């Protein structure tokens, strides 16, 4: 005898809230000819990942990344605010920004990361200080 397919909905759990994120695809600037030209100029000038290059690794860059995020006041069209990154380095940087610059109740938090040596060992450790803008 045929049976009805099981529901994949877990009715005993509360419904998940949808998180609304501003994504690059939704921005008109990223879909413009001006951005494509600026990105191409950046990639021609810096074809290797800046972050990997600092570690002594040679890896092709695929992303033109804003050094200071635009949502935090970085200039969108400034060449001085762009760096070339590979996909993995860009994902790491974006993940850290999402974690530290997460808006709470519509307020964007600013983060100052201070690297101070430990008094006894001399090893540097990061202390994260958060404050509202």
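Worth a mention:
- First in region 87-98 and touching a residue at least 40 places away in the same chain (Cβ under 8 Å) and assigned by TED's automatic domain parsing to the domain that holds residue 68, second anywhere and surrounded by 12 or more Cβ atoms within 10 Å (Cβ to Cβ) and in a helix (DSSP H, G or I), Cβ under 7 Å, 6 or more apart: 89/51; 89/52
- Among the conditions (1) surrounded by fewer than 10 Cβ atoms within 10 Å (Cβ to Cβ); (2) at pLDDT below 85, residue 54 misses just one, which is (2).
- Search result, residues across region 79-95 that are under 19 Å from residue 37 (Cα atoms) and surrounded by fewer than 13 Cβ atoms within 10 Å (Cβ to Cβ): 79, 80
- Screening residue 126 against (1) modelled with pLDDT under 90; (2) part of a loop (DSSP other than H, G, I, E, B) leaves a single unmet condition, (2).
The values are calculated or read from the model by the stated rules, or taken from the named source; none is laboratory data. The model shown is predicted, which means the values in this text are computed figures rather than measured ones. Cβ: placed from backbone, ideal geometry, glycine included. Neighbour counts: every protein chain shown.
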